[in-house]
Amino acid sequence: MRLRKKDWSSEVFEQFSDYLISDFEAIKGNWKETLKTDKLHVEIGAGKGDYWHQMSALYPERGIVAMERDFTASSIALKKLESNPGERKRFIYGDAEKLSEMFGPKEVDVVHLNFSDPWKKNRHEKRRLTYKTKLDDYYDVLTDTGEIWMKTDNVGLFNYSLVSVGSHKFELVDVHVDFRTTDDNDPFTEYERKFHEMGQPIFRAIWRKKDVK
């Protein structure tokens with residue numbers, strides 16, 4: 001559901017323009033040098049930014065990049081910078097159609113897919129963020145030991161992803177069908193907290209890039 005635009009949304013984009021990245025030619029291949037870090041995380045579909053900000057607080061020494069295509073959700077995430085600043089966090093307002101145009105080869109350590117749109121209809125399969133062409137893109141930008149971290153409440157998308165990613169150039173290294181019953185300090189997203197409070201299970205998987213000769 002698309003959020004209603006806030007009166008202050010445009011102003012927030014201007015206020016926090018230093019955090020926004022749009023000139024990818026200038027930073028591609030130089031993200032870690034620019035952010036002065038040796039670890040780079042990218043969250044695709046950051047929503048209102050809770051996970052982005054919490055990850056940055058948990059790992060202040062790492063570069064944490066959030067990507068969101070909804071204007072209002074993006075503005076809400078940016079507004080939270082007022083109480084959650086960070087020198088190694090950045091934001092991309094846009095779609096993750098081609099990560100390899102934004103990041104250099106083997107530049108990203110972790111790709112986060114949190115509560116992505118399941119695109120339930122078969123004719124929309126190619127839009128799923130764990131479709132094979134998307135996985136090709138992740139593989140290109142991930143380091144040799146890079147990982148995909150996925151969380152979802154949708155069992156259909158989860159099962160699809162286990163097959164899709166598992167048959168690609170990634171190996172499954174961790175999986176949970178009721179993630180929040182485990183002792184893990186991975187931050188909550190806005191959706192996740194709501195589902196967790198309702199008693200709904202959270203599905204989580206981590207895949208690591210294979211060394212394909």
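The values are calculated or read from the model by the stated rules, or taken from the named source; none is laboratory data. Remember, predicted model here, so these are calculated numbers, not experimental data. A quick note on method: Cβ atoms are made from the backbone with ideal geometry, for glycine too, and the neighbour counts reach across all protein chains shown. Heads up: the accessible areas ignore ligands, DNA and RNA and are worked out on the full protein's heavy atoms, side chains in. Shrake-Rupley method; radii C 1.70, N 1.55, O 1.52, S 1.80 Å.
Starting from region 43-57, keep only residues that are closer than 16 Å to THR72 by Cα, then list their pairs with residues that are among the basic types (Lys, Arg) and open to solvent by 20 Å² or more (accessible area, probe 1.4 Å) whose Cβ atoms are within a distance under 6 Å, requiring at least 6 positions of separation or different chains.
So the pair list comes out as GLY49/LYS80.
Name the pairs whose Cβ atoms lie under 8 Å apart, with the first residue in region 27-38 and within 13 Å of ARG90 (Cα to Cα) and open to solvent by 50 Å² or more (accessible area, probe 1.4 Å), the second part of a helix (DSSP H, G or I) and β-branched (Val, Ile, Thr), and 6 or more positions between them or separate chains?
From residues that are within 13 Å of ARG90 (Cα to Cα) and open to solvent by 50 Å² or more (accessible area, probe 1.4 Å), the pairs are THR34/ILE27.
Within the set of pairs 6+ apart or on separate chains, which have a first residue in region 138-166 that is at positive phi, a second that is assigned to a strand (DSSP E or B), and C-beta atoms under 9 Å apart?
So the pair list comes out empty.
Between LEU129, LEU99, which is in contact with a helix residue (DSSP H, G or I) (Cβ under 6 Å, 6 or more places away or on another chain) and either of a type outside the set (A, V, I, L, M, F, W, C) or in contact (Cβ under 8 Å) with a residue 40 or more places away in the chain (or both)?
The unique qualifying residue is LEU99.
Out of all the residues in region 75-89, is one or more surrounded by 23 or more Cβ atoms within 10 Å (Cβ to Cβ), of a type in the set (Lys, Arg), at pLDDT 95 or above and at negative phi?
Looking for residues that are surrounded by 23 or more Cβ atoms within 10 Å (Cβ to Cβ), of a type in the set (Lys, Arg), at pLDDT 95 or above and at negative phi, one finds at least one in region 75-89, hence yes.
Let me confirm something: among ASP38, ASP95, which residue is at pLDDT below 95, part of a loop (DSSP other than H, G, I, E, B) and under 29 Å from LYS209 (Cβ atoms)?
ASP95
Select, from THR143, THR130, the only residue that is open to solvent by less than 30 Å² (accessible area, probe 1.4 Å) and either outside any strand (DSSP E or B) or at pLDDT below 95 (or both).
None of the other options fit; the residue is THR130.
Looking at region 150-165, can you tell me whether even one residue there is open to solvent by 40 Å² or more (accessible area, probe 1.4 Å), assigned to a strand (DSSP E or B) and under 15 Å from ALA205 (Cα atoms)?
Taking every residue of region 150-165 in turn, none turns out to be open to solvent by 40 Å² or more (accessible area, probe 1.4 Å), assigned to a strand (DSSP E or B) and under 15 Å from ALA205 (Cα atoms).
Take the conditions open to solvent by 60 Å² or more (accessible area, probe 1.4 Å) and either modelled with pLDDT under 95 or in contact with a strand residue (DSSP E or B) (Cβ under 7 Å, 6 or more places away or on another chain) (or both) and apply them to SER22. Does it pass?
Criteria met by SER22.
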